[in-house]
Structure formats: structure tokens, C-alpha cells
């Protein structure tokens, strides 16, 4: 992997790339490009999933069992 200069990075095609679709959660520049190129899964961190966060809150903060309502 090569490290490029900031000047070179600003002139790279990726610097001016604009996604074709605005998303509810921003997956970042690489995620946007991947989506536009056909990637449809693994674009977001798991911690952006509300169900995942709710379950973690239930078990880690409230001390409940997985699947319980709070």
C-alpha cells in the first residue's frame, strides 16, 4: 500500500466523486462508491443498527436477557 501526498489525494478522481443516492446513514466515501458499484451489504457499521443498539442497551445497561422487552 502506498501513501500519497495530500496534494495528490485532492487531485485523485475519488476526491470529486459524488454518490448517485443519498442514504439515511452515511457509510462514508468508500461505502458510497461500493453502493454505486452494486455492493448492497456490509456498508454500515453494526453500531448504526437500531435493533442491535437496543439489544445491547437492554443487556449491558439494564442487565436484562436478550429478547426481553424493557
Quiz item: Does residue 45 satisfy the criteria of being within 13 Å of the chain's Cα centre (by Cα) and surrounded by fewer than 12 Cβ atoms within 10 Å (Cβ to Cβ)?
Solution: no
Practice problem: Answer yes or no: is there a residue in the stretch 14-26 that is free of Cβ contacts under 8 Å to residues at least 40 places away in the same chain, surrounded by 12 or more Cβ atoms within 10 Å (Cβ to Cβ) and out of contact with any helix residue (DSSP H, G or I) (no Cβ under 7 Å at 6 or more places or on another chain). | Solution: yes
Self-check item: the stretch 33-61, residues that are part of a helix (DSSP H, G or I) and at pLDDT below 85
Solution: 46, 47, 48
Practice problem: Tell me, yes or no, whether the stretch 5-18 has at least one residue that is at pLDDT below 90, part of a loop (DSSP other than H, G, I, E, B) and under 14 Å from the mean Cα position of the chain (by Cα). | Solution: no
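The values are calculated or read from the model by the stated rules, or taken from the named source; none is laboratory data. Not measured: the values here are computed from a predicted model. Backbone-built Cβ (ideal geometry, glycine too); neighbour counts: all protein chains shown.
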